[in-house]
1. Please give the charge dipole size of the stretch 19-83, origin at the Cα centre, charges +1 on K and R Cβ atoms and -1 on D and E Cβ atoms. Round to the nearest 20 debye.
2. Where Rh is the Kirkwood radius over the Cα pairs of the stretch 10-73, the temperature 25 °C and the viscosity 0.890 mPa s, what D in µm²/s does Stokes-Einstein return?
3. 5 Å is the cut-off here: which amide hydrogens, built 1.01 Å from N in the peptide plane, fall below it relative to S27, excluding neighbours closer than 5 in sequence?
4. Nearest 0.05, what FRET efficiency do R28 and E187 give at R0 = 51 Å with Cβ-Cβ as r?
5. Give me the three principal axis extents of the stretch 49-189 from the C-alpha atoms, as integers in angstrom, largest value leading.
6. Choose one of A127, A78, L117: the residue whose Cα lies farthest towards the positive end of the charge dipole of the stretch 76-132 (beta-carbon charges +1 Lys, Arg; -1 Asp, Glu; about the Cα centre).
7. Starting from the Cα of T214, step 7 Å along the direction of its Cβ; do the same at W175; then give the gap between the two resulting points in nm.
8. Collect residues whose amide H, placed 1.01 Å from N in the peptide plane, falls under 5 Å from the amide H of Q39; neighbours closer than 5 in sequence don't count.
Amino acid sequence: MSVPSSAPSRPPAADVLPRCAVCGTGSRQPPFRPNPPEQAPDLDLRPGEPVRSTMARWLQQCPSCGYAAPNITKAHPAAAQAVAAAPFRALMAEVTHPPLARRFLAWAHVLEETGALHAAAEATLHAAWVADDLGKDDLARLWRLDAVALWRGGAPLNHEQTVRVIDALRRAEAWGDAAATADQLGETDAPEAVAQVVNLEIRLIAARDASRHTVATALPPPARRPHVSHHQVAARPDGLLARLRRWLGRR
Ligand SMILES: [Zn+2]
């Protein structure tokens, strides 16, 4: 049996700060471990409370170069180039954007530059959620449409991703595109839970309703809501089907 030649790793000393994987700057970045969501998610899978109001802690951001990621001590090999390039620097300098939205857009930009288009769409949608909370409707609309473009620019979308595209289009008041996309999905063999959400989307689109609704609205009455603490719920948004099953109480 071989013996490891290196000493076992020890936890870092308290004065050793995590280092940005792009520029090497150390900064204090408190860990984030949210309690699981207890409320139903929105139709675009924005989590319910208490996770909903913790967006300011979802991403770390380097105070020196601006690189943002769930963990800035890790980076794609191409991230440094993306962070140094003019579009990223322009994004960092865009003072008319809310700082928290800029952080999500920074992460989205790196993801897009490294080819992770669907993840970039997700991060861009998160920027739209920040704009929602601040009442910046024009920015929310713009970033939802950007997210849709990123989703459509990547690999073919599954049912759940398509539902999120439909909801983003509806919330952005892109009625024609939203209706056509919902009709297309409605014609496929979507699972029942997805079909129920699509039916709700079709009704909302017909009523020109661009407001927020939760998946609980898609439930047939009477709503059965099992207590969420009976389930293992991931902090990150998980599949629409899994969420719907929990909220429908059918699995
Ligand atoms: Zn940095």
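Readers should treat all values here as calculations from the given coordinates under stated rules, not as data from a laboratory. Bear in mind that the values here come from a model prediction, so they are computed numbers and not experimental data. Don't worry about glycine lacking a Cβ; one is built from the backbone with ideal geometry, like all the others, and counts go over all protein chains shown.
1. So the dipole magnitude of the stretch 19-83 works out to roughly 340 debye.
2. Result for D is 182 µm²/s.
3. C20
4. 0.45
5. On the principal axes, the stretch 49-189 reaches 49, 33, 30 Å in Cα extent.
6. In the stretch 76-132, that residue is A78.
7. Result for the modelled spin labels: 2.8 nm.
8. Placed amide hydrogens put G48, E49 under 5 Å from Q39.
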